[in-house]
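What follows is calculated from the coordinates using simple rules that are stated; it is not laboratory data. What you see is a predicted model, and the numbers here were worked out from it, not measured in a lab. Here the Cβ positions follow ideal geometry from the backbone for every residue, glycine too, while neighbour counts run over all protein chains shown.
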Amino acid sequence: MILIIWRKLQRVNVIKLGGSVITDKANYRKVNQALLRNLCEVISSNKEKKILIHGAGSFGHILALKFGLDKPGPIKGREAEIARVISDVLTLDSEIVDELNAKGVKAISVPPHVIYNSNKPDFKPVQSLLRKGFVPVLYGDIILFNGKYRIISGDEIALDLSRKFRPESVVFLTDVDGLYDRDPKKNKNAKLIPSIKSKMISVVDTDTDATGSMAGKMERIKKMVAYSRRVVVLNGKKPERLGRYFRGMETISTVIT
């Protein structure tokens, strides 16, 4: 008699910490230390399998824009500038990984410029770390391929991870409470949208940073819903809301399905 035991595979969750949350994007290489500590504390309370991504914030955007690296191009002649920005975002990643480990999260960095070195990302290192009980940490970076460079945003990485791992959820920690009918930073009458179907999202805002327009970010988020049960956007500057989400409680956010 052969006894076969089926073991349910635990689906992974993806969490993206926005650069505007963990850093002061107006000040070069400025980390929001107290907020980062609180977020890592909340993340440590969640024992589910997860992959973390963070934005580059002031460690990436300021110099990338200054050097003109926001536009893809040939590596030749730009090596020093590219290396400087990659070094800066690695510094930010090290701070985040150190703080996560201090809270018991077993986090290990996975530099995107290492796994995005061909036409398709090689997520084998991410898979291997997950199987061994670690939490992979990726981030917005500059990737190099075929003699050219380009910036890859955390949002693009989140979409690629969604295609690969079919996560239970993708959580975006931003500097606002969720999605609004208008830009809440420009219009005090903007109303929060608690839940919405992805096909109903339409973005006309053209504000940009080194990783592209807000409309482009939202288009990626809309695509993620095809691979994930839900995408959640909530305010990372209020860590208790992430904690409530982890505990299955109602919280101020936008849920996209």
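For the pair LYS188 and ARG37, label points projected 7 Å from Cα toward Cβ lie 3.4 nm apart.
Applying 1/(1 + (r/R0)^6) with R0 = 30 Å to the Cβ-Cβ distance of ARG230 and ALA83 gives a FRET efficiency near 0.20.
Would you calculate, for the chain, the mean residue ellipticity at 222 nm contributed by helices, counting each DSSP H stretch of 4 or more residues as -39,500 (n - 2.57) and dividing by all residues, to the nearest 500?
Values: 9 runs with 90 residues, N = 257.
Helix-only estimate at 222 nm: -10500 deg cm²/dmol.
Cα centroid separation, the stretch 49-79 to the stretch 121-156: 14 Å.
What is the antiparallel percent of DSSP beta bridges lying wholly in the chain, to the nearest 5?
On the way: 14 of 37 bridges.
Antiparallel: roughly 40 percent of the beta bridges in the chain.
About the Cα centre of the stretch 13-256, how large is the charge dipole given +1 on each Lys and Arg Cβ and -1 on each Asp and Glu Cβ? Please answer in debye to the nearest 20.
On the way: 42 positive and 27 negative charges, 144 e Å.
Computed charge dipole of the stretch 13-256: roughly 700 debye.
What ranking do 141-147, 167-173 get when scored by the average of other Cβ atoms within 10 Å per residue, highest first?
Working: 141-147: 17.0, 167-173: 23.0.
Ranking the peptides 141-147, 167-173 by packing returns 167-173, 141-147.
Of all DSSP-defined beta bridges confined to the stretch 1-142, some 10% are antiparallel rather than parallel. Taking 7 Å steps out from each Cα toward its Cβ at LYS66 and MET200 produces label points 4.4 nm apart. On a straight-distance basis, which lysines could pair with LYS197 in a cross-link, Cα separation under 28 angstrom, same-chain partners fewer than 8 positions away excluded? Answer for LYS197, where 28 Å is the Cα cut-off: LYS16, LYS49, LYS50, LYS164, LYS185, LYS186, LYS188, LYS217, LYS222, LYS223, LYS237, LYS238, listed by chain and number. Springs between Cα atoms under 10 Å define the GNM used for the chain, and in it the highest mean-square fluctuation of ASN187, ASN117, ASN32 occurs at ASN187.
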